[in-house]
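See below for the structure under consideration.
Throughout, read-outs are computed from the coordinates displayed, never taken from laboratory work. Since the structure is predicted, the reported quantities are computational estimates derived from the model, not experimental observations. Here Cβ is always computed from backbone atoms with ideal geometry, including for glycine, and neighbour counts include all displayed protein chains.
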Amino acid sequence: MSLLRSLDPLPPGMVYKYFTTTWLRNTRLAEKKKIMDFGLKDKVALVAAASSGIGFACARELAREGAQVFLCSRGAQHASQAAEKIHKETGVDVAGIACDVTSDSAVQAFVNLAVERAGKIDICVTNAGGPPAKTFAETDLDTFRQAFELNALSAIRFAKLVLPGMLERKWGRIINITSVSVKQPIDGLLLSNTVRAGLTGWAKTVSNEVAAHGVTVNNVAPGYTLTERQDYLAEVRAKALGKSKQEIIDSWADQAPIRRMAQPEEIGAAVAFLASERASYITGVTLQVDGGWVKSLF
Ligand code: NAD
């Protein structure tokens with residue numbers, strides 16, 4: 001009987017009301033589901049090497065999620081211009097500081113300044129310019145040392161300074177920008193292949209040491225990403241090979257199943273996710289953001 005009643009047609013006015021309220025409720029539910037709150041509004045983020053390119057995109061994505069950001073690059077002017085740009089767009093506090101990530105004292109001063117102004121550092125994104133492209137025959141030992149300084153020790157240096165506070169507060173995120181070369185070494189990029197693989201081993205080991213204290217350590221490995229630097233490299237390569245810049249860009253894009261280069265903000269979005277509350281059970285991983293470029297399963 002009750003089943004029959006539920007199948008009875010509703011009077012026209014009630015049909016309208018029933019569908020309107022159901023539609024409204026479902027829409028609100030969908031809206032709620034769509035919003036993935038990253039929980040970054042009261043967080044303080046430090047982003048290294050961020051006046052342009054991937055670093056800048058990471059700083060901007062974190063600011064878009066409401067985090068207070070301290071970014072650095074070697075030159076004060078470029079750093080403050082980048083900070084101003086992000087502040088104008090997002091309205092959050094962004095400071096741009098001059099700091100060379102290969103200098104112990106400069107990084108110490110940068111970290112000190114952030115702690116003095118914000119009271120803590122919750123998120124640390126390590127980044128630097130890439131090492132030169134060389135073969136083994138062209139690479140002397142000093143060049144190896146410089147690459148280790150720039151692309152491994154720079155990240156380790158930051159971690160040394162920010163980890164104690166994170167462990168004390170039982171919350172922290174360290175995210176290193178590396179490269180797909182750690183999963184699939186790239187011919188000619190000997191230094192990147194060597195040094196970043198070492199950093200990856202370091203990150204995994206440290207992630208295990210701090211995981212039980214609410215701190216995660218992960219790497220984001222970009223594939224070919226259309227930054228200003230990559231655009232410039234395409235121009236240089238085009239001239240050397242007698243091709244157009246677009247041909248070079250297309251040749252990079254075609255290496256990935258997705259058939260285009262990444263936009264820097266696509267790398268920044270992955271970093272913002274790993275920095276978020278929602279990534280609390282992800283640690284010790286290297287997340288490639290490469291449009292499918294890496295051919296292996298893992
Ligand atoms: P980029 O050259 O566009 O930006 C590098 C940023 O680092 C700039 O803001 C620069 O001022 C800053 N910087 C460089 N050396 C520094 C130092 N010693 N101290 C402080 N700041 C410094 O580079 P990008 O394309 O954004 O790449 C960022 C990193 O990601 C690099 O290590 C690069 O090798 C790596 N990567 C890039 C790609 C790509 O396709 N763009 C792919 C894989 C990996």
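For the chain, the residue among Ala272, Ala106, Thr227 whose Cα projects farthest onto the positive side of the dipole built from Cβ charges is Ala272.
The mean of 1/r over all distinct Cα pairs in the range 120-225, once inverted, gives the Kirkwood hydrodynamic radius of 14.3 Å. In terms of the mean number of neighbouring beta-carbon atoms within 10 Å, the peptides 202-208, 152-158, 279-285 order highest first as 152-158, 202-208, 279-285.
Using 0.36 nm per residue and subtracting the Cα-Cα separation, the extra length available between Gln184 and Arg229 on full extension is 14.0 nm. In the chain the Cα-Cα distances spread across 10 Å bins starting at 0 as 6, 25, 31, 18, 8, 6, 4, 2, 0 percent of all pairs. Springs join every pair of Cα atoms under 10 Å in this Gaussian network model of the chain, and among Arg60, Arg145, Arg173 the largest mean-square fluctuation is at Arg145. The slack in the chain from Leu297 to Arg145, taken as 0.36 nm per residue of separation less the alpha-carbon distance, amounts to 51.5 nm. Amide H contacts for Ile97 (H built 1.01 Å from N in the peptide plane; partners 5 or more residues away or on another chain; cut-off under 5 Å): Leu71, Cys72, Ser73. Amide H contacts under 5 Å for Thr225: Ala262, restricted to partners 5 or more places along the chain or on a different chain, H placed in the peptide plane at 1.01 Å from N. For the chain, a Gaussian network of Cα nodes joined below 10 Å ranks Leu190, Leu40, Leu241 by mean-square fluctuation, and the top entry is Leu241.
For the pair Asp37 and Lys170, what calculated FRET efficiency results from E = 1/(1 + (r/R0)^6), where r is the Cβ-Cβ distance and R0 = 25 Å, to the nearest 0.05? After rounding to 0.05, the efficiency reads 0.80.
Over the range 213-268, the hull volume per residue, using the convex hull of the C-alpha atoms, is 97 Å³. A straight chain from Ser103 to Ile282 at 0.36 nm per residue would run longer than the Cα-Cα distance by 61.4 nm. Site pair Asp254 and Lys85 shows an inter-label distance of 3.1 nm when each label is modelled 7 Å from Cα along Cα→Cβ. With R₀ fixed at 25 Å, the C-beta to C-beta distance from Glu116 to His213 puts the FRET efficiency at about 0.55. Under 5 Å between amide hydrogens, built in the peptide plane, is the criterion, and for Val217 it picks out Ile174, Gly284 among residues at least 5 positions away or on other chains. Between Met36, Met261, Met166, the Gaussian network model of the chain with springs among Cα atoms under 10 angstrom shows the greatest mean-square fluctuation at Met36.
Using only side-chain charges placed at the Cβ, +1 for Lys and Arg and -1 for Asp and Glu, the dipole size of the chain relative to its Cα centre rounds to 920 debye.
Across the range 190-204, rounded Karplus estimates of 3J(HN,Hα) from the backbone phi angles (6.51 cos²θ - 1.76 cosθ + 1.60, θ = phi - 60°) give 3, 5, 4, 4, 7, 6, 5, 5, x, 4, 5, x, 4, 4, 5 Hz, Gly and Pro being marked x.
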